[in-house]
Amino acid sequence: MNVLIIGASRGLGLEFVRQYRAAGARVTATVRDDAGRARLTALGAKPLTLDVASAASVSGLAWQIDGEAFDVVVINAGVFGPRAGALEAPTQDDFDTVMRTNVLGPMRLLPQVAEALAPGARLAIVSSRMGSIGLRTGTHGWLYRASKAAVNSVMKDAALALAGRATVISFHPGWVRTDMGGAEADIDAPTSIAGMRTVLASVKPADTGSFFNYDGQPLAW
Ligand code: NDP
């Protein structure tokens, strides 16, 4: 199996690399700095350097993955941004950072990744149930919520565009103990990733365009 993980320096992305390598997969993964490259190399993964918020950096990915045929691709990189809730307007800078990383990043990556998919590949975006409108009960992270709702729309359109070629899904990884999730979160990264890997191994073409919890439960948009 040939796997690509985008955003793998730490947290969930690094755990995806660790588990796919432990399962014997060939893994290419992206990070932003030398420390991240060293962590990937130590795990036997091929490191690429990529800042998903930079158009120039993303356009450089195409030649780095030219000729590859990935069976599994996970777009995981993301930022949370301000914790502010509804009716607290974000600054332009915060808006630009969160939307550029969480929405524009995947929109720029997907055309390139689409060229590097093996027949029947599985492509996942790590979104969040905080992006679900149907499940909404609170408002903290107003901007982050909007970005994850937007990337769910991006994923849905990618699923339509890639119908018959790849199964495309969004994940809520659970509330996970990482730098972003914090120490009080519900589950650890190995549990989250083991769950998402099981889902990725079992999804069928008919599941394309779906939103899944890490344990395989379907989620409302
Ligand atoms: P972390 O904050 O621990 O890690 C974020 C990862 O994204 C790092 O590898 C970071 O790289 C990378 N990243 C951020 N910005 C960029 C960028 N511009 N270019 C490339 N890589 C970037 O978060 P998690 O591991 O917890 O989160 C991973 C994903 O899961 C995110 O999309 C997040 O929104 C989502 N998620 C997480 C939840 C949780 O409870 N943890 C819950 C719901 C969703 P670097 O080290 O270079 O900064």
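Among the aspartates and glutamates, select those whose C-alpha is under 18 Å from the C-alpha of LYS46, and discard any that sit fewer than 8 residues away in the same chain. Within the straight-line cut-off, LYS46 pairs with GLU15, ASP33, ASP34, ASP66, GLU68, ASP71.
An ellipsoid equivalent to the chain, defined through the eigenvalues of its Cα gyration tensor, has semi-axes of 24, 19, 18 Å when rounded to whole angstrom and sorted largest first. Within 12 Å, Cβ to Cβ, of LEU61, how many net charges do the neighbouring residues add up to if Lys/Arg are +1 and Asp/Glu are -1? Local net charge: -3.
Which net charge results for the neighbourhood of PRO218, defined as the other residues with beta-carbon distances under 15 angstrom from its beta-carbon, given Lys and Arg at +1 and Asp and Glu at -1?
+1
Here the mean projected area of the convex hull built on the C-alpha positions of the range 128-220 is 6.1 nm². Rounded to the nearest 10 degrees, the inclination of helix 11-22 to the longest alpha-carbon principal axis of the chain is 20 degrees. Our coupling estimate for the range 211-221, obtained by passing each phi through the Karplus curve with A = 6.51, B = -1.76, C = 1.60 and θ = phi - 60°, is 10, 10, 5, 4, 8, x, 5, x, 10, 6, 5 Hz, Gly and Pro reported as x.
Each label point was placed 7 Å from the Cα along the Cα-to-Cβ direction; for ASP94 and ASP207 their separation is 3.6 nm. Here LYS156 is the anchor, and the lysines within straight C-alpha reach of less than 16 Å, apart from those fewer than 8 places off in the same chain, are LYS148, LYS204. Phi angles of the range 84-99 translate, via the Karplus equation with coefficients 6.51, -1.76, 1.60 and θ = phi - 60°, into HN-Hα couplings of 3, x, 4, 6, 10, 4, x, 6, 4, 5, 5, 4, 4, 5, 5, 5 Hz per residue; Gly and Pro are given as x. In the chain, the longest principal axis of the Cα atoms and the axis of helix 105-114 are about 30 degrees apart.
Just so you know, all these numbers are worked out from the coordinates, no wet-lab data involved. A quick note: this is a predicted structure, and the numbers were derived from the prediction, not measured. In this analysis, Cβ positions are derived from the backbone assuming ideal geometry, glycine residues included, and neighbour counts consider all displayed protein chains.
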